[in-house]
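First up is the structure itself, then whatever we jot down about it.
The values are calculated or read from the model by the stated rules, or taken from the named source; none is laboratory data. Quick caveat: nothing in here was measured; it's all calculated off a predicted structure. Virtual Cβ from ideal backbone geometry, glycine too; neighbours counted across all protein chains shown. All accessible areas refer to the heavy atoms of the entire protein, side chains included, with ligands and DNA or RNA removed. Shrake-Rupley method; radii C 1.70, N 1.55, O 1.52, S 1.80 Å.
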Amino acid sequence: MPPIELVLKTGTAAILLLTGLLLLRDRRHMTTGPFGGLLALSVAATAVLSVTGARSPWLWPVMLVAMGTPALLWIWAGAQFVDDFRPSWRDALAWALLPLVGAVGIWQWRPWMAPAEDVVGLSFVLLTAWRVMAGLRDDLVERRRRLRPVLVGLAVLYAGGVLLMNMVGRGQPLDPTSRIVEASVLAALAVAFAMVGLRAARPIFEPSPTETGSPPARDAASPSGIAVDAQEDALLERLRQLMENQKIYRQEGFGLNLLVAALGVPEYRLRRLINQRLGHRNFSSFVNGYRLAEAMAALADPGQEDVPILTIALDSGFQSIGPFNRAFKAHTGMTPTAYRKQAESRNDAPIQGIGQRGAETGET
C-alpha cells in the first residue's frame, strides 16, 4: 500500500472513530440520537478493513460491523431528515441483514453471496437517496432543506460508487492512483461528517423562534423592523383567512404551489412564515393540522353520526382513506372509528340536572 494511501485511510479511521464515540456520548442532545455515532463507527470499521484486510479471524467482528454501513446510512437519513421518525424493530432487522449474510459467508461461503451483498447494499443506498429527496418539497427548515442533497448526496455518491465498482470489477484490484483517489474522497467525507456532526445538534436544525419563545429576527434593511413585522403580520392574517375561513386546503391537488399562487408571494417567504411564525417544520404537518381539526369536529358532531368516515376524510381535503387513517391515528392515538365512538359516548352521557343534584343533597 502506498504511504499516502496508508496515511489517508489511517487518518480517516481515526477521525471517524473519534467522531463516532463523541456522537454516542452526546446522543441525547443530538437530533439523530445514536445513529450518527453508529454510522461513523461503521464507516470507521470499513476504513480499518481497507488498511488491514479481513483475513484475520479477530477482524471478522469489524467486518460484520462494516457490512451494515449501507443500512445504517438509510436509518441515519431517516433520523436526520424525517421529523416523525421513530426507530423500530424493522430498522434493526434491516441493519442485521447484511451482517447476517456475512456471518453465514464466513462459515460457508458461496459464490453468489458477494453479488447479493452488493445488490442489497446498493438498494439501501438508493433507498437513502429516495428518503432524503422525498421530503425535500415539504421541508420548511431552510438550512436543512439546502443541506439534504449536499450532506447525504455526497455519502450516497461515494457509497454507491464503491458498491458499483465492487459489482463491476470484483476480483480486479484497483490501480494505485484510483486507490489514492478513493482514499482521498473518503477522508474528505470523514472530515465533513465530523465537522457537521460535532458542531452540535442545532446548526442544521435550529429551532424556530416560535419553539424558543423568542420573536422572529428583524430585517437588517429596516432598523426598527416595524415595517417588516407589519408585512409579515398582514401575510399571516391572509394565510389564516385562506386556511380557516375559505378552507383552501380542501381543493383537489392542494399544495405549496397553489398556496403561493393564492397569496401572491415568493415561495421562500411563505416557507419562512410557516416555519418561523407558526412553528411547523414541514408543510404536510401544517396542512394536516387544519384537515384533522375539521375531521375531528365532524366525527364528534352528533348531526353527522351517519356520515361515512370516508366522506369526512375527503371533505377535509384528504385524497384517500389510507393517509387519513394514518395521520389521524398519529395525531390522536386512536382510529377515526374509535374517536367517533368515544365522542358518541360522551354525547349520550346523562347530564346531571338541578333536580338530580337536589335529590342527592336533600334539597327541594
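Scan the stretch 47-61 for residues that are free of Cβ contacts under 8 Å to residues at least 24 places away in the same chain and open to solvent by 40 Å² or more (accessible area, probe 1.4 Å) and report the count. First the steps, then the outcome.
First, pick out the residues of the stretch 47-61 that are free of Cβ contacts under 8 Å to residues at least 24 places away in the same chain: 49, 52-59, 61.
Restricting the remaining residues to those that are open to solvent by 40 Å² or more (accessible area, probe 1.4 Å) gives 52, 55-58, 61.
Adding up the residues that qualify gives 6.
Among the residues of the stretch 102-135, count how many are of a type in the set (A, V, I, L, M) and open to solvent by 40 Å² or more (accessible area, probe 1.4 Å).
Looking only at that region, the number is 8.
I'm checking my understanding of the structure. Among residues of the stretch 83-101 that are touching a residue at least 24 places away in the same chain (Cβ under 8 Å) and open to solvent by 50 Å² or more (accessible area, probe 1.4 Å), which one is farthest from the chain's Cα centre (by Cα)?
First, the residues of the stretch 83-101 that are touching a residue at least 24 places away in the same chain (Cβ under 8 Å): 83-84, 87, 94-99, 101.
Checking which are open to solvent by 50 Å² or more (accessible area, probe 1.4 Å) leaves us with 83-84, 87, 95, 97.
Values: ASP83: 5, ASP84: 7, PRO87: 11, TRP95: 17, LEU97: 22 Å.
Per the stated criteria, the residue is LEU97.
Out of all the residues in the stretch 263-290, which are basic (Lys, Arg) and either open to solvent by less than 20 Å² (accessible area, probe 1.4 Å) or within 22 Å of the chain's Cα centre (by Cα) (or both)?
At the first step, the residues of the stretch 263-290 found to be basic (Lys, Arg) are 269, 271-272, 277, 281.
Once the filter is applied, which keeps residues that are basic (Lys, Arg) and either open to solvent by less than 20 Å² (accessible area, probe 1.4 Å) or within 22 Å of the chain's Cα centre (by Cα) (or both), the stretch 263-290 yields ARG271, ARG272, ARG277, ARG281.
For the stretch 163-183, check the following and say yes or no: at least one residue is surrounded by 15 or more Cβ atoms within 10 Å (Cβ to Cβ), at pLDDT 75 or above and not in a helix (DSSP H, G or I). Please lay out each step first, then the result.
Restricting attention to the stretch 163-183, the residues satisfying the condition of being surrounded by 15 or more Cβ atoms within 10 Å (Cβ to Cβ) are 163, 165-167, 179-180, 182-183.
Next cut, at pLDDT 75 or above only: 180, 183.
Those still in the list that are not in a helix (DSSP H, G or I) too: none.
The answer is no, given that none of the residues of the stretch 163-183 is surrounded by 15 or more Cβ atoms within 10 Å (Cβ to Cβ), at pLDDT 75 or above and not in a helix (DSSP H, G or I).
Do the conditions hold for ALA262, that is, is it modelled with pLDDT of 80 or more, farther than 30 Å from ILE4 by Cβ and assigned to a helix (DSSP H, G or I)? Give the derivation first.
On the way: modelled with pLDDT of 80 or more: yes; farther than 30 Å from ILE4 by Cβ: yes; assigned to a helix (DSSP H, G or I): yes.
Taking the combined requirement at face value, the residue satisfies it.
Inside the stretch 233-275, can you point out the residues that are among the basic types (Lys, Arg) and within 19 Å of LEU140 (Cβ to Cβ)?
Initial filter on the stretch 233-275 (among the basic types (Lys, Arg)): 238, 240, 247, 250, 269, 271-272.
Within the stretch 233-275, ARG238, ARG240, ARG269, ARG271, ARG272 meet the criteria.
Considering only residues that are among the hydrophobic types (A, V, I, L, M, F, W, C), open to solvent by less than 60 Å² (accessible area, probe 1.4 Å) and more than 19 Å from ASN245 (Cβ to Cβ), which ones fall in the stretch 291-320?
LEU299, ALA300, VAL307, ILE309, ILE312, ALA313, PHE318
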